[in-house]
Amino acid sequence: MSKQTQFQVHAVSPAYWKVTFENGPINLIDPDTIDELGELVTRMEQDPDLTVVVFQSANPDFFMAHFDLKSDIQRVYTTAPGPTGLLPHPDTLLRLSRVPALTISAINGRARGAGSEFVLHTDIRFAGPNAILGQPEVGFGAVPGGNPMGRLAELVGRGRAMEIVVGGEDFPAKLAAEYGYVNRVLPEGELDDFVDTFARRIAGFSKAGVSGTKEFVDAATAIPAGDYAAAMAAFRRTAGRPENAAHVRSLFERGLQQPQGIELDLGKRIAERF
Amino acid sequence: MSKQTQFQVHAVSPAYWKVTFENGPINLIDPDTIDELGELVTRMEQDPDLTVVVFQSANPDFFMAHFDLKSDIQRVYTTAPGPTGLLPHPDTLLRLSRVPALTISAINGRARGAGSEFVLHTDIRFAGPNAILGQPEVGFGAVPGGNPMGRLAELVGRGRAMEIVVGGEDFPAKLAAEYGYVNRVLPEGELDDFVDTFARRIAGFSKAGVSGTKEFVDAATAIPAGDYAAAMAAFRRTAGRPENAAHVRSLFERGLQQPQGIELDLGKRIAERF
Amino acid sequence: MSKQTQFQVHAVSPAYWKVTFENGPINLIDPDTIDELGELVTRMEQDPDLTVVVFQSANPDFFMAHFDLKSDIQRVYTTAPGPTGLLPHPDTLLRLSRVPALTISAINGRARGAGSEFVLHTDIRFAGPNAILGQPEVGFGAVPGGNPMGRLAELVGRGRAMEIVVGGEDFPAKLAAEYGYVNRVLPEGELDDFVDTFARRIAGFSKAGVSGTKEFVDAATAIPAGDYAAAMAAFRRTAGRPENAAHVRSLFERGLQQPQGIELDLGKRIAERF
């Protein structure tokens, strides 16, 4: 297996891994991220003792910003499909949702686009008070590719899912919890301890009980692989259109993919036209 | 196309329509409403530029009261089925939920019965603080005809859907938001600006992104046309029963369908027996 | 029919039953409970006038504690299947969810494990401020047997369902209402009156309207009988494993199934290891 560079895996115990994501100044997701995550999911599928995994970010302001628009997106379309028969991005999301360990996102800072899709495919989302979630793809002229539509419809219902994915706005932690986008928001400074205590608790349970119980919840909320294929195809069809180009260029001019620019307030800023 | 008289369509721009409903002193829904709404939905289906539609009421106290019990209900059962194969009322609701534009209800005042069914078939429900929603049909001895059972089960879960449709009570804005019956409630005086800002934002997005994304959420929460046919049949079987007549008469005596009578507090008053 | 001893049925009127559960100092559920509940459900299925049933507990601290681990669990596996083809426990739960009357749990005190499964299969859950719900089975090394996974996934969404059933913690009334585990929590001292008023209201409605409307919500949220069979099989496979024995013994030493021991705080205490 190739060395993981964006995901640092710390085995607190054989049953409990803490995984820390770090990729550049704002934690963008690029084709390497997807490859590394795919390998990590395979390890999670195969480890006989692993019972719980916490995902966190090394960056307090950005959990996972979104897909890196300057990276080689063609690689995402042309890499061989994964075990589910899907392209690597949706393959990894779908397999992540099914691993026989409980997965928890401990969200600080921004999780937008593919970053929001990632947390939606972990089992539980606990948020700090500065967490911000969103699916800004429509603001780029695109249909989201990782099928957050399906996951959010199940989690928050049709009306709020429509508002989130079609509106493309930022959802701060408190509103995200009211909507059910995250499980709950912890008070300032309490997220890490809360999540660690919860994870240690799970790690002390029998894996047969944990994975056997998770399997039923997963089956009750399963989304057909075909929906992921369709979302990815819709993304591909809409994201690269020439009519989006001028707006995307203007977003880069205003600081897209920079730590101090419009990324801080992307949900609002993406709708501005000049 | 016949002239719309109950729905005034204001094209803020080719992408954004604001539709205002007005029908008598309490905005009752009658067979003409259903016909006009059917035509409006057809226009929304066919307009190539339309991206977002806001529905509002000219009456601050009644968004849409409910079906007009003094109108010619037989017309609803005997008019030819629409494109979905369903009778006009459910046909219009189902087609409305699928139009390739985002639809938003900006709810002030009461939306009960068929009015609640209407807002449940728009994509997003934003409410003012005086909004009141409910499905009082059971209080008339009837099963609701527009299948709010299916929509609410998906939106708020089995337990709260049971409480809403079987309990038949009024749900004021705040409780409706806590339950997920509406997306959220805005503070006094802020609803119109909030909705307009949101709609202008959507109108600025590419229609391909908006309608392509909506389609996935709609598919993930689709309700079979057969459920609508069954609900309409159950309404027809239960609504006209002779054993309901005395209670309905007493409701009219107490001000049913009048702006100052029991309509203000119908959820509570419908359960009173004399 | 055999005499009901654990469930006292008070017919407030032909349309409205109030059922009070009492079984020992902490309201444990044992094979007799399941038999009696099965008979009660049959009465509810057959009574032509019954429109609404309220379930309450004679014990203010324990609505229904959980399955009695000292009772004859083999009887649960070896009794003949019920009308659904399922073993008595899941058969009773599934049939309860379908009775042609509206069922309401008025929850004071603890409802955990099979007690939580019971309330999840009534139509509506109203809670007092001291209500506590939870599924601690995973803490015993087992997959829950009555498929709360399916019911909770539908009610609260995948993320919160995972937290509840895999985390196995206690959910106090307020958090349970925020998650949608219960419909709502009433202020101190108001639960009984609120529920009684609500039930009398329903009892005054036509049974055809009540049961006809409930049927649609139930159908929209139906869970296949096969899921119940699978959950029961998973429980049986995991609950009796030798590797759970030492922990269960230690729980009994610390007061399991006693009114003053760890039952007060079971969600937390079940994770402690010595």
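For B:Leu50, what charge total do you get from the other residues with a beta carbon under 13 Å from its beta carbon, if Lys and Arg give +1 and Asp and Glu give -1? Here the charged neighbours net out to +1. Among the listed pairs B:Lys18/B:Lys207; C:Lys174/C:Lys268; B:Lys174/B:Lys268; A:Lys18/A:Lys207; C:Lys174/C:Lys214; A:Lys174/B:Lys174, a Cα-Cα separation exceeding 20 Å is found for C:Lys174/C:Lys214.
Taken as Cα centroids, region C:8-68 and region B:172-242 sit 38 Å apart, rounded to the nearest whole angstrom.
With a Förster radius of 30 Å, plug the Cβ-Cβ distance of A:Ala245 and A:Thr84 into 1/(1 + (r/R0)^6) and report the FRET value to the nearest 0.05.
Using R0 = 30 Å, I get an efficiency of 0.40.
Phi angles across region B:37-47 convert, under the Karplus curve 6.51 cos²θ - 1.76 cosθ + 1.60 with θ = phi - 60°, into 3J(HN,Hα) values of 5, x, 5, 5, 4, 4, 4, 5, 5, 9, 5 Hz, Gly and Pro given as x.
Think of region C:214-274 as a dipole: +1 on every Lys or Arg Cβ, -1 on every Asp or Glu Cβ, centred on the Cα centre; then among C:Leu264, C:Leu251, C:Phe216, C:Leu251 lies furthest on the positive end. Rounded to the nearest 20 debye, the dipole magnitude of region C:1-124 is 160 debye, with +1 charges on Lys and Arg beta carbons, -1 on Asp and Glu beta carbons, and the Cα centre as origin.
The label point for C:Tyr77 and the one for B:Glu22, both projected 7 Å from the Cα toward the Cβ, are 7.2 nm apart. Distance distribution P(r), region C:29-72, all Cα-Cα pairs, bin width 5 angstrom from 0: 5, 17, 20, 24, 18, 11, 4, 1 percent. Build a GNM of chain B with springs between Cα atoms under 10 Å apart, and of B:Pro100, B:Pro187, B:Pro259 the one that fluctuates most is B:Pro187.
State whether region A:40-144 is rounded, prolate or oblate according to the following rule on the C-alpha gyration tensor (a ≥ b ≥ c being the square roots of its eigenvalues): a/c under 1.5 gives rounded; otherwise a/b larger than b/c gives prolate, and the remaining case gives oblate. Since a/c reaches 1.5 but b/c is at least a/b, the shape of region A:40-144 is classed as oblate. Just to verify a number: FRET efficiency for C:Ala11 and C:Ala225, C-beta to C-beta distance, R0 = 30 Å, to 0.05? With R0 = 30 Å, the Cβ-Cβ based efficiency is 0.45.
Viscosity 0.692 mPa s, temperature 37 °C: what is the translational diffusion coefficient of the protein assembly as shown from Stokes-Einstein with a Kirkwood Rh over Cα pairs, rounded to a whole number of µm²/s? Show your work: numbers first, answer last.
On the way: Rh = 27.5 Å.
For the chosen part, D equals 119 µm²/s.
A simple count of charges around A:Ala208, restricted to other residues whose Cβ falls under 9 Å of its Cβ and scoring Lys, Arg +1 and Asp, Glu -1, yields +2.
The angle between the Cα long axis of helix C:148-167 and the main principal axis of chain C comes to about 20°, on a 0 to 90 degree scale. Taking every C-alpha pair closer than 8 Å and separated by at least 6 residues, the mean separation divided by the residue count of chain A gives a relative contact order of 19 percent. The C-alpha atoms of chain A define a longest principal axis, and helix A:225-239 lies at about 30 degrees to it. Can you classify region A:119-274 as rounded, prolate or oblate using the Cα gyration tensor, where a ≥ b ≥ c are the square roots of its eigenvalues, rounded means a/c under 1.5, and otherwise it's prolate if a/b beats b/c and oblate if not? Oblate.
Charged neighbours of A:Leu266, selected by a Cβ distance under 9 Å, balance to +1 (K, R count +1; D, E count -1).
Taken about its Cα centre, chain A carries a charge dipole of roughly 420 debye when the Cβ of each Lys and Arg holds +1 and the Cβ of each Asp and Glu holds -1.
Taking the C-alpha atoms only, the angle from helix C:191-204 to the longest principal axis of chain C is near 40 degrees.
Only one residue of A:Leu28, A:Ser13, A:Val165 has its Cα farthest out toward the positive end of the dipole of chain A, where Lys and Arg carry +1 and Asp and Glu -1 on Cβ, and that residue is A:Val165. When a/c is below 1.5 the answer is rounded, else prolate if a/b is larger than b/c, else oblate, so apply that to region C:7-269 with a ≥ b ≥ c taken from the square roots of the Cα gyration tensor eigenvalues. Prolate, since a/c reaches 1.5 and a/b exceeds b/c.
Scanning chain A for GluC sites (Glu not before Pro) in DSSP loops with at most 15 neighbouring Cβ atoms within 10 Å leaves A:23-187 as the longest stretch between them.
Dividing the summed -39500 (n - 2.57) terms of all DSSP H runs of n ≥ 4 by the residue count of chain A sets its mean residue ellipticity at 222 nm at -13500 deg cm²/dmol.
Set the Förster distance to 56 Å, then compute FRET efficiency between A:Arg43 and C:Leu69 from the Cβ-Cβ distance, nearest 0.05. Working shown, then result.
Numbers: r = 37 Å, r/R0 = 0.66.
Working from the Cβ atoms, E equals 0.90.
Taking the charge dipole of region A:7-240 about its Cα centre, with +1 at Lys and Arg Cβ atoms and -1 at Asp and Glu Cβ atoms, the residue from A:Val156, A:Ser97, A:Phe205 reaching farthest to the positive side is A:Val156.
Rule-based calculations on the coordinates, nothing more; no lab input. The structure presented is a predicted model; accordingly, all values stated were derived computationally and were not measured. With ideal geometry, Cβ positions are generated from the backbone for all residues, glycine too; neighbour counts draw on all protein chains shown.
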